[in-house]
1. Looking at Ile32, is it within 18 Å of the chain's Cα centre (by Cα), part of a helix (DSSP H, G or I) and modelled with pLDDT of 95 or more?
2. List pairs: first residue in segment 33-57 and more than 14 Å from Asp8 (Cα to Cα), second residue at pLDDT 95 or above and not in a helix (DSSP H, G or I) anywhere in the structure, Cβ distance under 7 angstrom, at least six positions apart or on different chains.
3. In the list Glu18, Glu41, Glu54, which residue meets the criterion of being more than 21 Å from Ile128 (Cα to Cα) and of a type in the set (Asp, Glu)?
4. Failed condition for Tyr5, given (1) under 13 Å from the mean Cα position of the chain (by Cα); (2) surrounded by fewer than 16 Cβ atoms within 10 Å (Cβ to Cβ), with all others met?
5. Test of understanding: among Ala64, Ala46, which residue is surrounded by 15 or more Cβ atoms within 10 Å (Cβ to Cβ), farther than 20 Å from Asn119 by Cβ and out of contact with any Leu (no Cβ under 9 Å at 6 or more places or on another chain)?
6. Would you tally the residues in segment 90-119 being more than 30 Å from Glu18 (Cβ to Cβ) and either at pLDDT below 95 or not in a helix (DSSP H, G or I) (or both)?
Amino acid sequence: MSGKYLLDTNIVIALFAEDFSVQKHIAKAREIFIPSTVIGELFFGAFKSSRPDENSKRIENFAAVSAVLVCSIDTSREYGRIKNLLLKKGLPVPENDIWIAALAVEHGLSLVTRDKHFNNIKELKRSIW
């Protein structure tokens, strides 16, 4: 296992919790990327926590040493295409997760997630850690 991966929010949270499985896989990965959407979801969790300053600082430190991918016009095109396909199939996926999937598809990355609803996006490469 030495591929290129995009981490979903639940995987970053597991990393923060020192999940051995996630740590082991990250050590073997060639490249790891974090969607800017995931950083936003992490900040949301920090602000609603009992320790917003401490948790926000942890996220800022993590983002500073991570390769954070932001959305472009190409990401937006993928988002629209994926959302339309899901709508036609009647398969709901949370809005932020469609953006995360669009980034993964656009950049040819395997999305590391524990969320099963990503299975509804057939062209998305997925990994479970």
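The values are calculated or read from the model by the stated rules, or taken from the named source; none is laboratory data. All values reported here derive from a predicted model rather than from experimental measurement. Methodologically, a virtual Cβ is constructed for each residue, glycine included, from the backbone with ideal geometry; neighbour enumeration extends over all protein chains shown.
1. No.
2. Here the result reads Asn55/Ser49, each pair linking segment 33-57 to a residue that is at pLDDT 95 or above and not in a helix (DSSP H, G or I).
3. Checking each option against the conditions leaves just Glu54.
4. For Tyr5, the failing item is (2).
5. Answer to the check: Ala46.
6. So the count comes out to 3.
Residue-by-condition table, conditions (1) modelled with pLDDT under 95; (2) assigned to a helix (DSSP H, G or I); (3) of a type in the set (S, T, N, Q):
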{"position": "Asp53", "(1), (2), (3)": "no, yes, no"}
{"position": "Ser56", "(1), (2), (3)": "no, yes, yes"}
{"position": "Phe62", "(1), (2), (3)": "no, yes, no"}
{"position": "Val68", "(1), (2), (3)": "no, no, no"}
{"position": "Asp74", "(1), (2), (3)": "no, yes, no"}
{"position": "Tyr79", "(1), (2), (3)": "no, yes, no"}
{"position": "Asn84", "(1), (2), (3)": "no, yes, yes"}
{"position": "Leu87", "(1), (2), (3)": "no, yes, no"}
